[in-house]
Amino acid sequence: MELETLYVIGMFLTFGALLLTGFPVAWVLGGTAVIWTVIGVVSVEQFGANLWFDYPSSMGLAPERIWGIVESETLVALPMFIFMGIMLDQSGIAERLMKSMVKLFGAVRGGYAVTVIVIGVLLAATTGIIGASVVLLGMLSLPVMMENKYDKGFAVGTACATGTLGILIPPSIMLVLMADRLAVPDASVGDLFMGAFLPGLMLGAMYVGYAILRPLFQPHLAPVPAGTVRVSPAVIWEVFKAVVPTAALILGVLGSIFAGVATPTEASGVGALGALVLALLSGRLTLPVLNTSLFQTTRTAAFIFAIFLGATAFSVVLRGLGGDEVIEGALLGLPFGPYGVVLTILVGVFLLGFFLDWVEITLIILPLVAPVVQQLGFDLVWFTILFAMCLQTSFLTPPVGFALFYIKGVAPPEIKVTDIYRGVVPYILIQLVALAIVFLVPEIATWLPSVAYD
């Protein structure tokens, strides 16, 4: 085994070992970079190791790369979309949607689950904050579904899985990060937003299909509530009034991007302003609410950017040790053919999602494998959407599935951890089926971006 390969393996093992110490991920990434900078320099200078490694071309590039992150126009959208999601959480829109849509779908078996999914899709199209979506859907829906004798696993699994749709359906902060890491014209933020739009809606539709069909075969999972309101023009009008503000915001943000009127960064400003206006119109915009929203936005953005800085240092050192060549050679040397290479990458990402957060996987793994996929002749938007769909499962897979922890924090006491695990398994399988469909039919991800530029 070549020395470069041993060093790259050693660097990843060091990162994994330091993660187990409980230190923040940003410090672990940066610390690993420092450790292996020292090892690389000592290996070359003291032992004459045959490495294309020196400090100026590895860790010495970190300040320049960090400045590039700070001045990136693309990343300006990140705190704006985060603020939009948090402010919408404060505006009361989800509560109004829940109350009105329950009247529309309540008479259907599984109607409460369908309501949660529809609201989740609408929330996903206005915010990419998974924690806020999962917590909000859990708080709004679980007490109602428990009161109506829904199966605990079915109820909590629906709320938990639906809350993760925001990581895929644009405007998604994950897609913003991916576009910045790829930094190629073929996969801009707008391209990725358009590419993820249809797969995200397809996944939401598959959730709805599951929520309707499974209770038909197992009626005990979702009894029809007694005394449901009959659907009338008044109920439809109430739903319409509840949906219009959210639809207007979605149109303002995504419509302006898809129509080419605004860049994603400009649209993020439109979204932030729109969320403020909706909060004002709902009577929820107070100074404490604004202060809390700004604080949470700053905290979330700082968390992501700290990992960004650590991952940048990690990446430049890994490249200095020959990591790009090692990984490229390993992938291209697989005896599976081009599609087999892509499938191998996706399986690896799925397995990593059990142990790592999506931020680390996006910042470290995606820039390493994307050039290989592009070299094999695949559409980078298609591959990145597959990568994003695969990462979505990481929110539901233990032991690091953050959505599981979020939902447990707001679930009624009678819902146990085993109920949560049992409830999310069908949705993980649905996500994998959706991933397979997009893998086999790339046009689902590539059609809308191609139409936009025709």
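Taking segment 426-454 as the range and being more than 19 Å from Gly340 (Cα to Cα), surrounded by 14 or more Cβ atoms within 10 Å (Cβ to Cβ) and out of contact with any Phe, Trp or Tyr (no Cβ under 8 Å at 6 or more places or on another chain) as the test, the residues that pass are Ile428, Gln431, Ile444, Trp447, Pro449, Ser450. Could you check, for segment 39-49, whether at least one of its residues is surrounded by 13 or more Cβ atoms within 10 Å (Cβ to Cβ), among the aromatic types (Phe, Trp, Tyr) and at pLDDT below 85? So far as segment 39-49 goes, no, none of its residues is surrounded by 13 or more Cβ atoms within 10 Å (Cβ to Cβ), among the aromatic types (Phe, Trp, Tyr) and at pLDDT below 85.
Does segment 110-122 contain any residue that is farther than 28 Å from Ile304 by Cβ and not in a helix (DSSP H, G or I)?
Of segment 110-122, the ones farther than 28 Å from Ile304 by Cβ are 110-115, 118.
Remaining after also requiring not in a helix (DSSP H, G or I): 110.
The answer is yes, given that some residue of segment 110-122 is farther than 28 Å from Ile304 by Cβ and not in a helix (DSSP H, G or I).
Residues of segment 317-332 that are β-branched (Val, Ile, Thr) and surrounded by 20 or more Cβ atoms within 10 Å (Cβ to Cβ): Val317 alone. Within segment 63-79, is there a residue that is assigned to a helix (DSSP H, G or I), over 30 Å from Val317 (Cα atoms), in contact with a Ser or Thr (Cβ under 7 Å, 6 or more places away or on another chain) and not aromatic (Phe, Trp, Tyr)? No: zero hits.
Could you look through segment 352-381, keep only residues that are hydrophobic (A, V, I, L, M, F, W, C) and more than 16 Å from the chain's Cα centre (by Cα), and pick out the one that is farthest from Phe303 (Cα to Cα)? Spell out how you get there, then give the answer.
Keep residues of segment 352-381 that are hydrophobic (A, V, I, L, M, F, W, C), which gives 352, 354-356, 358-359, 361, 363-366, 368-370, 372-373, 376, 378, 380-381.
Retained after the next criterion (residues that are more than 16 Å from the chain's Cα centre (by Cα)): 368-370, 372-373, 376, 378, 380.
Details: Leu368: 23, Val369: 25, Ala370: 25, Val372: 29, Val373: 30, Leu376: 35, Phe378: 33, Leu380: 28 Å.
By that ranking, first place goes to Leu376.
Scanning segment 257-298 for residues that are assigned to a helix (DSSP H, G or I), over 21 Å from the mean Cα position of the chain (by Cα) and closer than 14 Å to Leu88 by Cβ turns up Val270, Leu273, Gly274, Leu276, Val277, Leu278, Ala279, Leu280, Leu281, Val289, Leu290, Thr292.
Quick grid of which residues meet (1) within 26 Å of Ile428 (Cα to Cα); (2) free of Cβ contacts under 8 Å to residues at least 40 places away in the same chain; (3) surrounded by fewer than 23 Cβ atoms within 10 Å (Cβ to Cβ); (4) not aromatic (Phe, Trp, Tyr):
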site	(1), (2), (3), (4)
Leu334	no, yes, yes, yes
Gly337	no, yes, yes, yes
Phe350	yes, no, yes, no
Leu391	yes, no, no, yes
Phe395	yes, no, no, no
Pro398	yes, no, yes, yes
Leu404	yes, no, yes, yes
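Filtering segment 97-133 to residues that are modelled with pLDDT of 80 or more and either in contact with a Cys (Cβ under 9 Å, 6 or more places away or on another chain) or within 19 Å of Ala247 (Cβ to Cβ) (or both) leaves Val114, Thr115, Val116, Ile117, Val118, Ile119, Gly120, Val121, Leu122, Leu123, Ala124, Ala125.
Results for (1) surrounded by 24 or more Cβ atoms within 10 Å (Cβ to Cβ); (2) not acidic (Asp, Glu), shown as yes or no for each residue.
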{"position": "Gly131", "(1), (2)": "no, yes"}
{"position": "Glu147", "(1), (2)": "no, no"}
{"position": "Val156", "(1), (2)": "yes, yes"}
{"position": "Ile167", "(1), (2)": "yes, yes"}
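Does Gly310 count as small (Gly, Ala, Ser), closer than 24 Å to Leu175 by Cα, in a helix (DSSP H, G or I) and modelled with pLDDT of 85 or more? No.
Taking segment 284-301 as the range and being among the hydrophobic types (A, V, I, L, M, F, W, C) and surrounded by 12 or more Cβ atoms within 10 Å (Cβ to Cβ) as the test, the residues that pass are Leu285, Val289, Leu290, Leu294, Ala301. Residue check: Leu203 meets all listed conditions (1) modelled with pLDDT of 90 or more; (2) over 20 Å from the mean Cα position of the chain (by Cα) but one, namely (2).
When the test is whether a residue is charged (D, E, K, R), in contact with an Asp or Glu (Cβ under 8 Å, 6 or more places away or on another chain) and touching a residue at least 60 places away in the same chain (Cβ under 8 Å), Glu325 passes it.
Between Leu404, Leu386, Leu391, Leu368, the distinction of being part of a helix (DSSP H, G or I) and under 30 Å from Glu147 (Cα atoms) belongs to Leu404 only. Among residues of segment 185-218 being of a type outside the set (A, V, I, L, M) and within 16 Å of Val116 (Cβ to Cβ), the one that is surrounded by the most Cβ atoms within 10 Å (Cβ to Cβ) is Tyr207. Out of curiosity, is Ile361 within 15 Å of Gly16 (Cα to Cα), in contact with a helix residue (DSSP H, G or I) (Cβ under 8 Å, 6 or more places away or on another chain) and surrounded by 15 or more Cβ atoms within 10 Å (Cβ to Cβ)? Against the criterion (within 15 Å of Gly16 (Cα to Cα), in contact with a helix residue (DSSP H, G or I) (Cβ under 8 Å, 6 or more places away or on another chain) and surrounded by 15 or more Cβ atoms within 10 Å (Cβ to Cβ)), Ile361 qualifies. Helices (runs of 4 or more DSSP H) fully within segment 142-256 that include at least 3 residues being over 30 Å from Val359 (Cβ atoms): 189-217, 233-250.
Out of Leu346, Leu380, one residue alone is within 27 Å of Trp447 (Cβ to Cβ), in contact with a Cys (Cβ under 7 Å, 6 or more places away or on another chain), among the hydrophobic types (A, V, I, L, M, F, W, C) and surrounded by 19 or more Cβ atoms within 10 Å (Cβ to Cβ). It is Leu346.
The values are calculated or read from the model by the stated rules, or taken from the named source; none is laboratory data. Bear in mind that the values here come from a model prediction, so they are computed numbers and not experimental data. Methodologically, a virtual Cβ is constructed for each residue, glycine included, from the backbone with ideal geometry; neighbour enumeration extends over all protein chains shown.
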